[in-house]
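The values are calculated or read from the model by the stated rules, or taken from the named source; none is laboratory data. The model shown is predicted, which means the values in this text are computed figures rather than measured ones. Here the Cβ is made from the backbone with ideal geometry for all residues, glycine too, and neighbour counts use every protein chain on show.
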Amino acid sequence: MDTVIRAIFVYVTLLVIFRISGRRTMASITTFDFVLTLIISEAIQQAMIDTDYSLTNAFLLVLTLISLDIGLSLVKQRSKRLERLMDGAPVAVMRDGQLQRSAMNNERVDEEDILGAARAQEGIERMDQIRHAVIEATGEITVVPKQGASGR
Amino acid sequence: MADGKRTQPLFDVEEQDDRTLRREWRVQRVGWVVMALLVAAALAGAFGRGPLAEAKVRSPSGLLEVDYQRLTRHESSAAIDVAIDAARLPTREARLWVDREYLSGVSLDRVVPEPERSETGRDRVTMVFPIASGERTARVQLQMKVGDPWLRRIRMGVEGGDSVEVTQFVYP
């Protein structure tokens, strides 16, 4: 019984903590983010297993986690509001060539991040070639170039 | 191939639900404050292993002084240090008892020093330690891994003398 409770607790706690930490935390770009992902999975493992190294325990953990995932995705499908609440929605950090400072500050995105995404996706060199820039729910920044500006 | 119903993109960059966004950012910031407070509390020992978690208690007559962890965690190692005033003991041995209910909920790794013998009673285990001549205080350390979570009651004492009773909270 406690295996299932552990799995649920860990899953929900991680969900809430990552959701609260904002979109940028989810996008692993830097070495630091990569290290974070590695360490977190190590930290959680011990607590979920708790000296029970049986096949049964491992199986139950996986089963519970997958079931939770499926359950939550079904719930999200039925309610747009819940989906918005749990996943978050895209946020525009640049609109019609204008930087949205408030969104940038709150989402911890700076101009370098936007330019980097612009180079990677569209081959764009300068800020004035960008029409819109959006930080997605995944933390990735996507760019809409101005007409005729794309380098690709 | 598209169903032809949507002409507008699902996400319109021009329009953003500002109110929901601002609420989301505010909730995030509150969340960060809560996280910071939890980290600070943990450093202070509120979740075990720190100044807030350590406690000391004396028996009414002062015969027995016990240092223990009032807050600790499941499967974590915790020690109980006992100091017995040897001068007040009638015989050359200290008979320290610990109630079985508590012992059954932990995993006792080691007792330092090793008792000469252990006697198991109905509801308590008594450990017998010889006292060297000239020794004023007998010190015993019980090293253990805490097991069952939530509230645990520890009762221990010296046979023929008085005892202490404390509560320990074990985080799961």
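Residue under question is A:I124, and the condition is that it be assigned to a helix (DSSP H, G or I) and either within 14 Å of another protein chain (Cβ to nearest Cβ) or in contact with a helix residue (DSSP H, G or I) (Cβ under 7 Å, 6 or more places away or on another chain) (or both); does it hold? So A:I124 does not fit the description; no.
Of note, A:M104 satisfies the criterion of being surrounded by 14 or more Cβ atoms within 10 Å (Cβ to Cβ), hydrophobic (A, V, I, L, M, F, W, C) and within 13 Å of another protein chain (Cβ to nearest Cβ). Quick check: anything in segment A:50-67 among the β-branched types (V, I, T) and within 30 Å of A:Q129 (Cβ to Cβ)? No, the conditions are met nowhere in segment A:50-67.
List the helices (runs of 4 or more DSSP H) inside segment A:1-92, counting only whole elements, that have at least 2 residues being more than 14 Å from chain B (Cβ to nearest Cβ), surrounded by 12 or more Cβ atoms within 10 Å (Cβ to Cβ) and among the charged types (D, E, K, R).
none
A search for C-beta distances below 6 Å between a residue of segment A:32-58 that is closer than 11 Å to A:R6 by Cβ and any residue that is modelled with pLDDT of 85 or more, counting only pairs 6+ apart in sequence or on different chains, returns A:I44/A:V10; A:M48/A:R6; A:M48/A:V10; A:M48/A:L61; A:N57/A:T3. Within segment A:99-112, at least one residue is assigned to a strand (DSSP E or B), in contact (Cβ under 8 Å) with a residue 12 or more places away in the chain and not acidic (D, E). Segment B:72-172 holds strands (runs of 3 or more DSSP E) entirely within its bounds, and those carrying 1 or more residues that are in contact with a Lys or Arg (Cβ under 7 Å, 6 or more places away or on another chain) map to B:77-85, B:93-99, B:106-112, B:124-130, B:137-146, B:150-158, B:163-171. Out of segment A:103-119, which residues are more than 19 Å from the chain's Cα centre (by Cα) and either aliphatic (A, V, I, L, M) or modelled with pLDDT under 90 (or both)? Result: A:L115, A:A118.
Which of the following residues is touching a helix residue (DSSP H, G or I) at 6+ places or on another chain (Cβ under 7 Å), within 30 Å of B:L43 (Cβ to Cβ) and hydrophobic (A, V, I, L, M, F, W, C): B:I80, B:I131, B:I154? Matching residue, one of B:I80, B:I131, B:I154: B:I154. Pairs needed: first member in segment B:26-50, touching a residue at least 60 places away in the same chain (Cβ under 8 Å) and more than 9 Å from every other protein chain (Cβ to nearest Cβ); second member anywhere, hydrophobic (A, V, I, L, M, F, W, C) and assigned to a helix (DSSP H, G or I); C-beta distance under 9 Å; at least 6 residues apart or different chains. Note: pairs meeting the criteria are B:F47/B:L38; B:F47/B:A41; B:G48/B:A42.
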